[in-house]
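Beneath this line is the structure, given in structure tokens, with notes to follow.
The values are calculated or read from the model by the stated rules, or taken from the named source; none is laboratory data. Just so it is clear, the model here is predicted, and its values are computed rather than measured. So basically every Cβ, Gly included, is an ideal-geometry build from the backbone, and we count neighbours across all protein chains shown.
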Amino acid sequence: MSNIQIWTLVFIILSFGVYITIAWRSRVAETKGFYVAGQGIPTVANGAAIAADWMSAASFISMAGLIAFLGSDGSIYLMGWTGGYVLLAMLIAPYLRKWGKFTVPEFVGDRYSELVRTVAAGAAIIISFTYVVGQMNGGGIVFSRFLNININGGVLIAAAIIFTYAVLGGMKGITWTQVAQYTVLIIAYLIPAFAVAQAITGIPIPQVSFGQILNELNALSAEFGLDRYTEAFTARPMIDIFLVTLTLMVGTAGLPHVIIRFYTTKTVRGSRYSAFWALLFIALLYTTAPAVGAFTKFNLLEGVQGRSVDQLPQWIENWRATGLVSVDPNATTIESVSNSADAGADLTVNNDILVLASPEIAGLPAPIVGLVAAGGMAAAMSTAAGLLLVISSSVSHDFYFRRFRKHADDRERLLVGRVAMAGAVIVAVIAGINPPAFVAQVVAFAFGLAASSFFPAIVMGIFWKRCNDKGAAAGMIAGLAVTITYMIYTLEVFGTSENEPILDISPEAIGVIGAAVNFIVAIIVSKLTTPPPKHLEEMVENLRYPADRRTEPVSGGTDSTES
């Protein structure tokens, strides 16, 4: 084994050992602990867990790579995901926490009807499956490079570890595991970023120093046939930039695995403080990602500039074995670089490897390379566990318990939830081995699905008393139908051929249009049908105002009246 593989194995074994130990010590035997951690997580810890849930393989592994090749157009991911988190924290999360239930489908079920709960549970499963595919693929990439196994085997190993600690501890175990995973991933992301910034600019603060290389990076990009890093609207049309950003924002505010995090605190006030801590923890990575993208692209292009094919840096040979880096067999020197195999460039580099390969490209020592690999696994696993829990809760709590076995005890419900999680892992592994796009793009599709389904239903459920169950159900179905149909139309999935986008709207951008369809259909149907019962309107009225200890619970949820 090489030094890199040895250090990777050391860090992964140590970190995985910590995760499994936490899960074992946090194992639960009742549904409240399994789904919402007993609503007893401290605010700072919950903030770190939210950040780990948030910063998936897309943020850690893929986002900086996309920014490197998209340049300023890659800011859609930074603006959309961060802006969406603020929207979620300020507009939606405190109200849902006051409602005091386990899942998003449970909120819409109480607010509208059992029919809408079933539709929402189905939507949660679709969204979570799409999202978890990216995480499984990200884990496979880490294992394939650093442990010298193929991506398929890497996906299987990652899935087995995630399933083990998610099944043992449920939300309680996942939450405390995610606190540890956030610590690992942020250290693994920042240390190489500081080291590379110091090596290139002499200033070890990447957020400040990367501006010094942008002019030279623009010149290098042009030399290799790439768009200038700082030039806007070169990779995507302006309308698509705008729509993707909006989709990521409203999709963020509808993500079930993030929303459920705000149910795990002791009080409504605690959920607000959790949002503050989470935003601080998220900002540490998100303000660093553009610098990582710029520095890594600079080192990559400078390292191959003027090189013949038989004199390329060692990192290229290391990554060629994974199939994520390729060199044109007919090329003699590297004169063009691309992130797409269809571009016919001399050197093709997959977006998803740039962060993981950054220490190797910069010539950093093997321990740092191993640490980054452990960080990538922590990012993929933390989010995948939360998504699997959403799938589990939707199947066991919202389908099995609410629709078929209303008198099932905790033991039976937990068993069904764990079986559902096992089934979800199997499906996620199969899809993770053959994802339809880059990790961050697959995740963006999940945000589009959340935008077109949950966001309108939740917003109208809180702020428009006239919205009824028929309107909410019709809106969610219409929004999802538009979004899924367009994604299938523009992507090569289910054996279909890829088609040109309509009006330059990419599949990542369609979610906000699906959300608009959802709103329009829900409003029209609600206006044409019977208003909600009076008691529901009163519940919504009570939900919208700050609670105090003298008020009655909104819907009988646990400690839902604490302010």
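Observations on the model:
- In region 232-241, the residues that are in a helix (DSSP H, G or I) and crowded, with 17+ Cβ neighbours inside 10 Å: D240, I241
- Taken over region 272-289, the criterion of being over 15 Å from M55 (Cα atoms) and crowded, with 23+ Cβ neighbours inside 10 Å is satisfied by S274 alone.
- Some residue of region 42-54 being modelled with pLDDT under 75, within 18 Å of Y131 (Cβ to Cβ) and part of a helix (DSSP H, G or I): yes
- Apart from one condition, T322 fits all of (1) modelled with pLDDT of 90 or more; (2) closer than 30 Å to T183 by Cα; (3) in contact with a Lys or Arg (Cβ under 7 Å, 6 or more places away or on another chain); the exception is (1).
- Boolean, V521 is outside any loop (DSSP other than H, G, I, E, B), under 26 Å from the mean Cα position of the chain (by Cα) and either touching a residue at least 24 places away in the same chain (Cβ under 8 Å) or exposed (fewer than 13 other Cβ atoms within 10 Å of the Cβ) (or both): no
Yes/no matrix, rows are residues, columns are (1) within 21 Å of R418 (Cα to Cα); (2) of a type in the set (V, I, T):
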position: F129; (1), (2): yes, no
position: V133; (1), (2): yes, yes
position: I151; (1), (2): no, yes
position: A197; (1), (2): no, no
position: P206; (1), (2): no, no
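- Number of the condition not met by D346 [criteria: (1) acidic (D, E); (2) more than 27 Å from A197 (Cβ to Cβ); (3) buried (at least 23 other Cβ atoms within 10 Å of the Cβ)]: (3)
- Residues located in region 60-96, provided they are among the small types (G, A, S) and at pLDDT below 85: S62, A89, A93
- Filter result (touching a residue at least 24 places away in the same chain (Cβ under 8 Å), in contact with a Ser or Thr (Cβ under 7 Å, 6 or more places away or on another chain) and farther than 18 Å from V142 by Cβ) within region 310-338: T332, T333, S338
- Considering the conditions (1) touching a residue at least 60 places away in the same chain (Cβ under 8 Å); (2) more than 24 Å from S128 (Cβ to Cβ), A278 is excluded by exactly one of them, (2).
- All positions within region 215-231 that are of a type in the set (A, V, I, L, M) and either free of Cβ contacts under 8 Å to residues at least 40 places away in the same chain or surrounded by fewer than 15 Cβ atoms within 10 Å (Cβ to Cβ) (or both): A219, A222
- Filtered residues of region 407-421 (kept if assigned to a helix (DSSP H, G or I), surrounded by fewer than 16 Cβ atoms within 10 Å (Cβ to Cβ) and either modelled with pLDDT of 75 or more or among the hydrophobic types (A, V, I, L, M, F, W, C) (or both)): R411, E412, L415, V419
- Search result, residues across region 416-431 that are small (G, A, S) and under 16 Å from G386 (Cβ atoms): G417, A420, A424, A428
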